[in-house]
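The block underneath contains the structure these notes are about, expressed in structure tokens.
The values are calculated or read from the model by the stated rules, or taken from the named source; none is laboratory data. Keep in mind that this is a model prediction, so the values were computed, not measured. When we count neighbours, we look across all protein chains shown, and the Cβ atoms used for this are built from the backbone with ideal geometry, even at glycine.
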Amino acid sequence: MTAPSGNRRWTLSNWPVRIKVFAIVVVPLTLACVLGGARIYTGMTAEEPDADTLRDVVVVGVAILLTLVVVTLVARSLIRPLHILRDSALTVAREDLARELEEVRSSGKPLAVQPIPPQTTEEIGQVAQAVSELHEQAVALAGQQARLQLQVTDMFETLSRRTRALIDEQQGLVDELQREEPDPARRADLRRVDHLAARMRRNAANLLVLAGARIPREQDDPVPLTVLVRAAAAEVEDTERVTVGLPGTMVAGRVAGDLMHLLAELLDNALRYSPPQSQVRVSAVHTNNGGLVIEISDVGSGMSESDLRVTNTRLRAGGEVNPYTARHMGFFVVGRLAALHGFVVRLRSTVAGKPEAGVTAGVYVPAKWLVGDGPAGN
């Protein structure tokens, strides 16, 4: 960080290069010119200058002119490469490096880096070479990090798919046992096991979302919004605390699975952070542009205004991986699924001006994903 100009100590190391060049070259040259000029003046003002004096005057004059030319060329050879090096280094730091790092992270492929000028063998060229090597190392490290992240992502995806396959097999077995079990009490126990398996399946799906993979969905036909919300509630704990009041809107099958997953994460968060005896209400209303806003309201401990701003910012980021992802996996999944289909998710206080009165999550579904209205569901 640069110190304030008022406190800067004007030592020799702080002088600009052009002033140093002036002090090293121009000042001695000026002294030489003064002495040479004095010799010329003395020779020319003599009453009868001889041939030697005239010759000395000419030699001194030519020497001064040659010295001026040489000094100018030397000064330019020092200052110009330094300016080129400065401009090139600033371009790398402010523009090229950020763009190249983003390109390497997105593709995971090595990227060739152009050396910065001046490409010479003297000290200034060696400094430029050192900056180029730092540039290359930064891009290479970013490439290694990107490849490692891709490998970890592949492991997450493989683990998630295997887990989902085992859970699907388990749910099929539980369904078969339910059909064959005559005892109502044991059937109730099996339903609880099936519900737990559904929650495990959602967590496995979260790993797929974290890995950036698409979750396979088999639904093609439109799904009633009420059925979709009920399916989301079936994948969370305390599903009996969820109350529903929705229009008979149909949701396109292409996004129904991801919307259900998104709502399940929001329901899970609302149920987890609200009193166990309270209700979580799901409602929806159509907007003027034909879209739909689904609201999930709880009466839990709520969130402060600053926490709401931070969380909404992360939701707008579309599921960007950051140090908070592990602790807020649900919001990460919500943000990524919303960005995938153009949903908009925002959190607000359930009662305006009373953060302690709970949180309401609003999900805007664009009109292109809605099919039509039917009878309202409860």
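At-a-glance table
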{"quantity": "Boolean, residue 192 is out of contact with any Leu (no Cβ under 9 Å at 6 or more places or on another chain), of a type outside the set (Asp, Glu), closer than 28 Å to residue 279 by Cβ and crowded, with 16+ Cβ neighbours inside 10 Å", "calculated": "no"}
{"quantity": "Enumeration of residues in region 96-124 that are part of a helix (DSSP H, G or I) and either of a type outside the set (D, E, K, R) or over 26 Å from residue 150 (Cβ atoms) (or both)", "calculated": "97, 98, 101, 104, 106, 107, 123, 124"}
{"quantity": "Residue pairs meeting the criteria (Cβ under 7 Å; at least 6 apart or on separate chains; first over 17 Å from residue 115 (Cα atoms), in region 131-154; second in a helix (DSSP H, G or I) and at pLDDT below 80)", "calculated": "142/105; 146/105"}
{"quantity": "Test: residue 163 is surrounded by 16 or more Cβ atoms within 10 Å (Cβ to Cβ), more than 27 Å from residue 284 (Cα to Cα) and among the β-branched types (Val, Ile, Thr)", "calculated": "yes"}
{"quantity": "Odd one out for residue 331 among (1) outside any loop (DSSP other than H, G, I, E, B); (2) modelled with pLDDT of 90 or more", "calculated": "(2)"}
{"quantity": "Pair list, Cβ < 7 Å and 6+ apart or interchain, from region 168-192 residues that are on the phi < 0 side of the Ramachandran plot and of a type outside the set (Lys, Arg) to residues that are modelled with pLDDT of 85 or more and part of a loop (DSSP other than H, G, I, E, B)", "calculated": "190/181"}
{"quantity": "Pick from region 109-131, criterion aliphatic (A, V, I, L, M) and out of contact with any Ser or Thr (no Cβ under 8 Å at 6 or more places or on another chain), ranking: modelled with the highest pLDDT", "calculated": "130"}
{"quantity": "Some residue of region 132-154 being surrounded by 12 or more Cβ atoms within 10 Å (Cβ to Cβ), part of a loop (DSSP other than H, G, I, E, B) and at pLDDT below 85", "calculated": "no"}
{"quantity": "Selected residue [under 21 Å from residue 231 (Cα atoms) and modelled with pLDDT under 85] from 173, 208", "calculated": "208"}
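Listed here are the residues, each with its yes/no results for (1) in the same structural domain as residue 33 (by TED's automatic domain parsing); (2) surrounded by 12 or more Cβ atoms within 10 Å (Cβ to Cβ); (3) of a type in the set (A, V, I, L, M, F, W, C); (4) farther than 30 Å from residue 137 by Cα.
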| residue | (1), (2), (3), (4) |
| --- | --- |
| 70 | yes, yes, yes, yes |
| 82 | yes, yes, yes, no |
| 90 | yes, no, yes, no |
| 107 | yes, yes, no, no |
